[in-house]
Amino acid sequence: MSHSRVEAQTSLLSVHKIVKRFGAFAACDGIDLQIAPGEIHALLGENGAGKSTLVKMLFGVLTPTEGAIFWKGQAVDIASPAEARKLGIGMVFQHFSLFEALTVAENIALSLDRSVSIGDIAEKARSLSAAYGLPLDPFAHVADLSVGERQRIEIVRALLQNPQLIILDEPTSVLTPQEADRLFETLDKLKAEGRSVLYISHRLEEVQRICDRATVLRHGKVTGSCAPRQETPASLARMMVGAEVAVVKPDYTGPRGPELLRVDTLSVRPRSPFAMALKEVSLSVRAGEILGIAGVAGNGQSELFDILSGEYPVNRHDAIMLCGKAVGTSGINPRRLIGGGFVPEERHGHGAVVGLSLSDNLLLSRHRSDRGHYTSGALGFIHRHAVQEATARICESMDVRKSGHDPDAGSLSGGNLQKFIMGRELERKPAVLVVNQPTWGVDAGAASTIRQAMIDLARQGSAIVMISQDLDEIFEVATSIAAISEGRLSPAYAADTMTRERIGLLMGGLHGLEGDHAH
Ligand code: ADP
Ligand code: MG
């Protein structure tokens, strides 16, 4: 009997060389995982490591391309969530699937395979929520509930099926610290009853606090398996982000000119239950500098971008200084007029209007900020020819692959649209460029074009803030590096003093371990 066979028989769940491909891309690339009865097992890994893809296969949401799953020693084929539940697997997803207009009990009823009276469900939900320390009113409307309460519905919903394994996908990423503490108590209760928990997280501290074992993923492969309490945050971070590249010299390290962008201890309340609050964010970027902001998605990156761009003006005017002028309460167009350039993460509908041609998109972003160049007179007469020329120039310099001369933005592939939007901003040579995920969805060749263009822009004296989840990109481009975690921005460190391990620690929220290199 092979080693994995033995493990499969002593484990509650055992995954053997599982592969999930999307096209040619392997999101999970031969993963082995064993979960013992009664353990809290962490699945740890940076964004895009393949964690959600793996657990979706365990819950019957995705079908594995290759590999085998064993449940209590038996090979199983989990074709649907209903089958997963039947086996005894429950799952709390990263994104909730609740109907706001319905009550808690009604939402739970909808997820049950058989029909049960609302009264019975309410009764059961009440007793479960009492037993597991998950306070919940079955008759409350979901619309009135906090994110933490919504998550409790999902947990109670999973518990109703009396599962032996409960999977939670980044449950604390939407919780306050207090709500997280409460969740940890619940997980301890589940464990004490002999149930197993598969706990997905990128937060080192909480994994060390509550998990018995951890399997670490990186680029779809297992990079380590350990008892997290016996590791240090540094060793966990190393498994998570890889230690093969210790220190990468950025291509360009100076010179520094005057400060072009400054944010002064700015706190911003969350705009929706799913938004992140920004907490006392300060930053300063000089001419010639590229500040790379690392972090796992959902830690306040888009909120930070929105306050820097003016998409979401703040209430203190001098909290944000752009090219020496206070702009905090200004919107995006006044900021563009004094030298700002902004490329958001969400391309469709945010960076570009998909129903319009590329040249109309160019005009749309410019007619307010570059008045006189493409439009003139009180009626805003459009210099169509100049716009077409600029569009052609951008497409050529960024190698935008398109069908036809001036197609609709929506007809471009995501990567090519990104190249166009980056090219559009870069061509204006903004004094300050703020960009969120500059090469997201872009192929390797185009990514290096975009990165080189940012380096060239800084060399010519612009200041750049580059928010990116891609550590390789940050090391390649940034002259200074900070990390954002739960809405807090760490101090910036000179790029040549940074290692992946240190960034990993900052990304996990462990600020101030080494505070000596701040500048
Ligand atoms: P994690 O949960 O660890 O952040 P995911 O499992 O969500 O990572 O994603 C792993 C990789 O697989 C990512 O690069 C992601 O873009 C890709 N991916 C996930 N789902 C799909 C899909 N349906 N189609 C194509 N690529 C996908
Ligand atoms: Mg995920």
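Rounded to the nearest 20 debye, the dipole magnitude of region 1-103 is 160 debye, with +1 charges on Lys and Arg beta carbons, -1 on Asp and Glu beta carbons, and the Cα centre as origin. Among the aspartates and glutamates, which have Cα under 16 Å from the Cα of Lys51 when same-chain residues fewer than 8 positions away are ignored? Within the straight-line limit of under 16 Å, Lys51 reaches these aspartates and glutamates: Asp29, Asp32, Asp169, Glu170. List the pairs from Lys17/Lys72; Lys20/Lys221; Lys20/Lys86; Lys17/Lys56; Lys20/Lys56 whose alpha-carbon separation is above 19 Å, in the order I gave them. Cα-Cα > 19 Å for Lys20/Lys86; rest within. Using C-alpha pairs under 8 Å with a sequence gap of at least 6, the mean separation divided by the residue count of region 3-241 gives a relative contact order of 27 percent.
About its Cα centre, the dipole of region 3-241 is roughly 640 debye, where the only charges are +1 on Lys and Arg Cβ and -1 on Asp and Glu Cβ.
Going from the residue with the fewest nearby Cβ atoms within 10 Å to the one with the most, Asp29, Asp496 rank Asp496, Asp29.
Just want the ordering: His317, His385, from fewest to most Cβ atoms lying within 10 Å of their own Cβ.
Fewest to most other Cβ atoms nearby, the residues stand as His385, His317.
Across the options Ala79, Ser97, Ser146, the greatest Cα extent toward the positive end of the charge dipole of region 71-168 (unit charges at beta carbon of Lys, Arg, Asp, Glu) belongs to Ala79.
Using only alpha-carbon positions in region 439-492, the gyration tensor eigenvalues give semi-axes of 20, 15, 8 Å once each is multiplied by 5 and square-rooted (largest first). Each Cα pair of region 259-310 feeds into the Kirkwood radius, which the Stokes-Einstein equation turns, at 10 °C and 1.306 mPa s, into a diffusion coefficient of 133 µm²/s.
Add +1 for every Lys or Arg and -1 for every Asp or Glu among the other residues with Cβ under 12 Å from the Cβ of His202, and state the total.
My count for the surroundings of His202 gives -3.
The DSSP beta bridges internal to region 3-241 are antiparallel in roughly 55% of cases. Estimated purely from DSSP H runs of n ≥ 4, each contributing -39500 (n - 2.57), the mean residue ellipticity at 222 nm for the chain is -10000 deg cm²/dmol once divided by its residues.
Taking the Cα centre of the chain as origin and assigning +1 to Lys and Arg Cβ atoms and -1 to Asp and Glu Cβ atoms, the resulting dipole is close to 400 debye.
Here region 3-241 is described by how far its Cα atoms reach on the three principal axes: 49, 36, 35 Å, from widest to narrowest.
Using C-alpha pairs under 8 Å with a sequence gap of at least 6, the mean separation divided by the residue count of region 131-233 gives a relative contact order of 23 percent. Expressed to the nearest 5 percent, the antiparallel share of DSSP beta bridges inside the chain is 55 percent.
For the chain, calculate the relative contact order in percent as a whole number, restricting contacts to Cα pairs under 8 Å that are 6 or more residues apart.
Relative CO of the chain lands at 15 percent.
Footprinting exposure proxy ranking of Tyr199, Tyr132, fewest other C-beta atoms within 10 angstrom first, gives Tyr132, Tyr199. Could you state, as a whole-number percent, how many of the C-alpha pairs of region 147-203 are farther apart than 12 Å? In whole percent, the long-distance tail amounts to 67. Relative to the globular-protein estimate of 2.2 N^0.38 Å, the Cα radius of gyration of the chain stands at 1.06.
None of the figures in this text is laboratory data; all of them are computed from the coordinates on show. Worth saying up front: this structure is predicted, and the values here are computed from it rather than measured. Every residue, glycine as well, gets a Cβ built from its backbone with ideal geometry; the counts of neighbours run over all protein chains shown.
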